[in-house]
Amino acid sequence: MSTAFRKAAPGDEGLILSFIRELAEYERMSDEVIATEELLKEWIFHKNRAEVIFAVEEGKEVGFALFFHNFSTFLGRAGIYLEDLFVLKEHRGKGHGKALLKELARIAVERGCGRLEWACLDWNRPSIDFYLSLGAVPMEEWTVYRVTGDTLHDMAR
C-alpha cells in the first residue's frame, strides 16, 4: 500500500492536536500537553514556525509528522528537526511511518538541507529498532538539555 501525503493547512488545528494527544498518550506524557488549537494556529500557520504533513490512507489521515528547520553551523546550512512522528495504532505496520520519514528526507534534500534529525525516548525500543533499520544513527556523547516554565523565565531575567 502506498502512502499519500497532505500538507496541513489552516483549519487542521484540531486534527493536529488530536495526533499530538495520541502521541502523548503513547509516550505516557498526556499530562504535559497544554497545546490548544489556538496556539497551534498561531505558531504553525501565522508565525510559520513549524510544518505538518499527514500520511493519508483511503482519504483518512492516519499519521503525522511535525517538523521545523534548525541550523548546523558546522555544515553551514539548515536541517530539518522532526519534533513528532506518529501513526495511529490501527494503521501501524503498513509502512506509513517509513513513508513519512522518506517524505521528510525528500523535503530535506529538495530544500538543500544538510541533515534530518530527531530524538527518541530511551525506553521506546520499537521506534529505536525502526529508526536503526532505516540507517539512522544515534548521537553518542550528546545529552539534550531543556529549560521551561519558571526556570525559563528566571533565566530570561
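Nothing in this text is a laboratory measurement; each read-out follows from the coordinates by a stated rule. Only a predicted model underlies this, so the values are computations on that prediction, with no experimental measurement involved. Note that we place each Cβ from the backbone using ideal geometry, even for glycine, and neighbour counts take in every protein chain shown.
Starting from residues that are of a type in the set (Lys, Arg) and surrounded by fewer than 15 Cβ atoms within 10 Å (Cβ to Cβ), keep the ones in the range 40-86 and report whichever is farthest from residue 22 (Cα to Cα). Write out each step before concluding.
Taking the range 40-86 as the starting set, the residues that turn out to be of a type in the set (Lys, Arg) are 41, 47, 49, 60, 77.
Pick out the ones that are also surrounded by fewer than 15 Cβ atoms within 10 Å (Cβ to Cβ) and you get 47, 49, 60, 77.
Working: 47: 25, 49: 22, 60: 16, 77: 33 Å.
Only one residue fits best here, namely 77.
Residues in the range 71-109 that are farther than 19 Å from residue 3 by Cα and out of contact with any Asp or Glu (no Cβ under 8 Å at 6 or more places or on another chain): how many? Give the steps one after another, and end with the answer.
To start, the set of residues in the range 71-109 that are farther than 19 Å from residue 3 by Cα comprises 71-81, 83, 109.
With the extra rule that they be out of contact with any Asp or Glu (no Cβ under 8 Å at 6 or more places or on another chain), the set shrinks to 71-78, 83, 109.
The number of residues fulfilling the criteria is 10.
Quickly run through the range 60-69 and pick out the residues that are touching a residue at least 24 places away in the same chain (Cβ under 8 Å) and either farther than 18 Å from residue 6 by Cβ or hydrophobic (A, V, I, L, M, F, W, C) (or both). Let's see the steps before the verdict.
Kept after step one, since they are touching a residue at least 24 places away in the same chain (Cβ under 8 Å), are these residues of the range 60-69: 61-67, 69.
Across the range 60-69, the qualifying residues are 62, 64, 65, 66, 67, 69.
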